[in-house]
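Structure record follows, encoded as structure tokens.
The values are calculated or read from the model by the stated rules, or taken from the named source; none is laboratory data. Because the structure is a prediction, the values reported are computed rather than measured. Quick reminder, even Gly has a Cβ in these numbers, built from the backbone with ideal geometry, and neighbours come from all protein chains shown. Areas reflect the complete protein model, heavy atoms only, side chains present, ligands, DNA and RNA absent. Shrake-Rupley method; radii C 1.70, N 1.55, O 1.52, S 1.80 Å.
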Amino acid sequence: MDLLERIQKLPKGYSEVTFQHKTYGVTRTDFNAGKSIKMYAEELGGTNVISLNIYLTSKARLIKPCEMPMEKVIHFLNHYQLKTLRS
């Protein structure tokens, strides 16, 4: 599964994932009919954050981390596990 698929696997709006044995609150917001996506993940009860924007053009997929190394974003996207929220 590529990075775009991992981002699109996250539900729009708020969800929770597990990453490195910790729970993160993740917000995914789509803009421009899905041509740009913002993802912000925050460790619940901690200080770690993961944030990125992705832009889909006719020629490329541009992943732009927000003030963090690309490797950190890629590692998160490749290893998070989506949690099922109970009602």
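With angles folded into 0 to 90 degrees, how steeply does helix 70-79 sit against the dominant principal axis of the chain? Use alpha carbons for both and round to 10.
Result, in degrees: 60.
For the chain, what does the convex hull of the Cα positions come to per residue, in cubic angstrom?
Value for the chain: 100 Å³ per residue.
Roughly how many whole Å is it from the C-alpha centroid of the stretch 1-21 to that of the stretch 31-87?
8 Å
For the chain, which whole percent of the accessible surface, found with a 1.4 angstrom probe, sits on carbon and sulfur atoms?
C and S fraction of accessible area: 51 percent.
For the chain, what does the accessible surface come to per residue with a 1.4 Å probe? Please give it in Å².
On a per-residue basis, the chain sits at 65 Å².
Counting helices only, and only those DSSP H runs with n ≥ 4, report the 222 nm mean residue ellipticity of the chain as the sum of -39,500 (n - 2.57) divided by its residues, in deg cm²/dmol to the nearest 500.
That comes out to -5500 deg cm²/dmol.
Considering only the other residues whose Cβ falls under 13 Å of the Cβ of LYS22, what net charge follows from Lys and Arg at +1 and Asp and Glu at -1?
In short, -2.
Sorted by mean Cβ packing within 10 Å, highest first, what order do the peptides 42-50, 71-79 take?
Highest-to-lowest ranking by the protection proxy: 71-79, 42-50.
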